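> One structure, pasted below without further comment.
A short reminder: the numbers here are calculations on the coordinates, not readings from a lab. All figures in this text were calculated on a predicted structure; none of them were measured in a lab. When we count neighbours, we look across all protein chains shown, and the Cβ atoms used for this are built from the backbone with ideal geometry, even at glycine.
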Amino acid sequence: MRWNRLFADLDARMENAAAQERAGTVAELVRAEEAGSALVDRLRASSGAQVVVQTWDGGSITGVVAQVAAQWVLLETSVGGAARDVVVPTGAIEAIGGLGPRSAAPREDVTSRLTLAHALRRLARDRVVVDVRTRSGSSYVGRVDRVGSDHLDVVPAYGWGERGARDARATTVAFSAVAAVAESAQAV
């Protein structure tokens, strides 16, 4: 009888030690997986969720995660009841509120490879009036006239005539200074 209790006690201790080891291994695997996740993977996992993005210019953008690429995230926002899209370079993100704990697996599809230049060229093609906010807090409202590999030119909307016949000077903004590019409320 005593031996049975002794063996039962040893068995229980071994079972407990094995369970603790499994729990430790699982926790270690979870930490390792979390360490390998990128911000864009967390954003993709939160697609369709409302988040609050703080940018390095001190700005705050509340919107729904609509599209995510390696260099930017597209947020659908609403200002005064009007829908506006905002492109935020991932490098300009300081903090995000409301981001879920999950991470999506890294992707290598076409969208994930689109650069900030691709997104800005689309805005230039569609002649969208935008508000380009920079890290210093400056704001440039107008149409994207041209997009280089590391910069864009913004022409005031009022100075946009026929292409090539602008009557206003362009402002060139380095990509490294861009905090956000939003559809402007000042659309002409």
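> How long is the gain from Ala49 to Ser37 if the chain were fully straight, where each residue apart is worth 0.36 nm and the alpha carbon distance is subtracted?
Taking 0.36 nm per residue and subtracting the Cα distance, the gain is 2.5 nm.
> If you plug each phi of the stretch 14-20 into the Karplus form 6.51 cos²θ - 1.76 cosθ + 1.60 with θ = phi - 60°, what whole-Hz ³J(HN,Hα) values come out, in order, with x for Gly and Pro?
Values, residue by residue: 5, 4, 5, 4, 5, 5, 5 Hz.
> Also: Report the Stokes-Einstein translational diffusion coefficient (µm² s⁻¹, integer) for the stretch 39-183, Rh taken as the Kirkwood radius over Cα pairs, at 25 °C with viscosity 0.890 mPa s.
D, rounded to a whole number, is 158 µm²/s.
> If you don't mind, there's one more thing I want to ask. Say each of Ser78 and Ser139 gets a label point 7 Å from the Cα, pointing the same way as Cα to Cβ; how far apart are those two points in nm?
Roughly 2.1 nm, to one decimal.
> Test of understanding: ordering Tyr140, Tyr158 by Cβ neighbours within 10 Å, fewest first, what list do you get?
Tyr158, Tyr140
> For a quick check: sort Trp56, Trp72 by the number of other beta carbons within 10 angstrom, fewest at the front.
Trp56, Trp72
> With each pseudo-label sitting 7 Å past Cα toward Cβ, what's the Tyr158-Val64 distance in nm, one decimal?
3.5 nm
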